[in-house]
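Novice: Here's a structure for you.
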């Protein structure tokens, strides 16, 4: 019972989240401690502020991107600190500057998440400097301290990376493998008796989003890091090969979709499906071992009982085949066989990956045969993109305008309240305001819950603990916790951050109980302003992106299908194009599922076509799963299509249906059309094997799902 919590704790302590929390804590705390030792704590706090601001942009990614972002942020922090410090004596000018800077730096969202974090970092230093009125000489000195603090953190982060250059890649790859194991466990639930199909499928779709996000992070780190892409070391080749094998393994996991209701109706009485569930859960445990080994430097293992379990499954299937019953049919037996074969192949791939961890095997690894450069996207940084988005049709423009207005409202409210720390209102608005309503609403709830619970936790700690050394140790724990969870779980991050701030103010002799109340009040005010603005000021609703997301999903599935059927009907196969098409399916399916989930957080009046969208999401998941199965059949059985002319029309009709689905969404056709389903013509001269029947059934299933998508797109008028 204790094994799983202990492993989860170890896993977190070895994760990039905890490493980031430690790095930021050291970077922020050291300048203050060193300067306090020399009686200059005030200067140390300013140095720490510079380190804190620049740490915001130091998220996981290629080191050259992190380094460049930190250097740009360091320069901007210095410039903005001077500008704000020299002008904050005038409230009118400060208000104008706040509006202008809020708009400009919010537009950084156009250039990706890292650029957006640069904008957030710069706005943070502005907010914290608004009420800090000094003579111009001190303003320059203060700005230099911010510059030095920022440079210190940049140097610290870069040095830590150079000491262990592959550590981040290992951690992100480990996280992505763990998500695949969770996805596999969700698939295993379909084999349990009396399972809730709707709930399981919703969980599966969300986990597919999580898998994609983690795989995308791995691609960013692996494929954009020069040392790894060049595969100049065994470790670089090892990480690349493990990742590409894991993507192939995920395709195998995706392909194991069948009509579970029919399987349960046929086989629940014999109890074989529960054995499948046990085996799949053991495979998920093996994947977790690989994930943990990547972080810990250990060697993963595969359960010895897995081989015996697979042998028992084969025996059970043979027994069912020999003693046929009216409760199940031949296709049901074939489905069980295919699932078992697929499980065997997954276990075989896991064993192969485990061998890579052997030092001798690492040195033998060869470079891959896929052009990795095609699997990552590059964000252009130019003024043309900015100018093209200076229109109300741009969601980023509307978001930036909203932030500028809301920050001005927050500034006016803060000034009227005359609170000692009214900048907390602006700070709350800054961190809560997101381009979409649903994200703003979610961040709003997390901020309020974390602040209130954290304030009470902080007050309890300060009420019962008065020893300064003990309080300092608790402060460090809260710091590490707050910074470790800021990119993993925002509500937990705020829960740790609030008592950390209260204890910090206690050390500075500025009181704590009254500050706790003030922080809660200011958070509630800022949250209320930000949420109301996201609903009423140029809102961005998810249904605005619905049409594009649906089109992208259909087009990517069609391209994936076209690549797979080349394995059957054409000579000459481009592995890179195939894997690129597969990746795009996962990306677009993930985007569509995320959009669907976010729509639930929006007002009912903005939740358009929810029932149809749910059906569309499910159908496209089925389509990509069936296509993945078709791909695996040809790879595993080296199938040769002996009745090309008979089955090719089914394939052509599937593509025709998907093309018409795209046309329905683009042109919003009002009249339903009648596109027939095509069946293979019986040819008595051709004797079909079981594999041939499965292949034919798979083509037929893909055609039927494509037809359902086609009919559904006739109902949706966007």
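Novice: How much length, in nm to one decimal, is gained on full extension between residue 569 and residue 275, taken as 0.36 nm per residue of separation minus their Cα-Cα distance?
Specialist: 102.1 nm
Novice: May I ask you to compute the full-extension gain from residue 717 to residue 667, defined as 0.36 nm times their residue separation minus their alpha-carbon distance, rounded to one decimal in nm?
Specialist: Contour length minus the Cα-Cα distance gives 17.1 nm.
Novice: I need the peptides 70-77, 386-393 ranked by packing, meaning the mean over residues of other C-beta atoms within 10 angstrom, with the highest value on top.
Specialist: 70-77, 386-393
Novice: Here's another thing I want to ask about it. Place the peptides 539-548, 425-434 in order of packing, highest mean first, counting for every residue the other Cβ atoms within 10 Å and averaging per peptide.
Specialist: Result, highest mean Cβ count within 10 Å first: 425-434, 539-548.
Novice: Could you tell me the calculated FRET efficiency between residue 137 and residue 514, based on Cβ-Cβ distance and R0 = 35 angstrom, to the nearest 0.05?
Specialist: 0.60
Novice: Need the full-extension length gain, residue 96 to residue 285, defined as separation in residues times 0.36 nm minus the C-alpha distance. One decimal, nm.
Specialist: 62.3 nm
Novice: Hey, how many Å between the Cα centroid of segment 106-153 and the Cα centroid of segment 550-614?
Specialist: Going from one Cα centre to the other spans 40 Å.
Novice: Roughly how compact is segment 58-192, stated as its Cα Rg over 2.2 N^0.38 Å to two decimals?
Specialist: So segment 58-192 has a normalised radius of gyration of 1.44.
Novice: Given a Förster radius of 60 Å and the C-beta distance between residue 460 and residue 646 as r, what FRET efficiency does 1/(1 + (r/R0)^6) yield to the nearest 0.05?
Specialist: 0.20
Novice: Still on this structure, I have one more. Run the helix sum for the chain: -39,500 (n - 2.57) per DSSP H stretch of 4+ residues, divided by residue count, reported at 222 nm to the nearest 500 deg cm²/dmol.
Specialist: -26000 deg cm²/dmol
Novice: OK, next. Evaluate the distance, in nm, between pseudo-label points positioned 7 Å from the Cα of residue 261 and of residue 37 along their respective Cα→Cβ axes.
Specialist: Taking the simple label geometry, residue 261 and residue 37 are separated by 7.0 nm.
Novice: Can you give me the distance in nm between label points at residue 388 and residue 697, each placed 7 Å from the Cα along the Cα-to-Cβ direction?
Specialist: 4.8 nm
Novice: Relative contact order of segment 389-540, please, whole-number percent, based on alpha carbon pairs below 8 angstrom and at least 6 residues apart.
Specialist: 36 percent
Novice: Would you mind computing, in nm to one decimal, how far apart the modelled labels at residue 68 and residue 359 are, each placed 7 Å from Cα along Cα→Cβ?
Specialist: Each label point lies 7 Å from its Cα, and together they span 3.8 nm.
Novice: For a label point 7 angstrom out from the Cα of residue 163 toward its Cβ, which stretches of segment 27-54 have the backbone nitrogen within less than 14 Å?
Specialist: Residues passing the 14 Å test: 27.
Novice: Taking each pair of distinct Cα atoms in the chain once, what is the resulting Kirkwood hydrodynamic radius in Å?
Specialist: Every distinct Cα pair counted, the radius reaches 28.4 Å.
All of the numbers you see were taken from the coordinates with simple rules; none came from a lab. If you're wondering where the values come from, they're calculated on a predicted model, not measured in any experiment. Cβ: placed from backbone, ideal geometry, glycine included. Neighbour counts: every protein chain shown.
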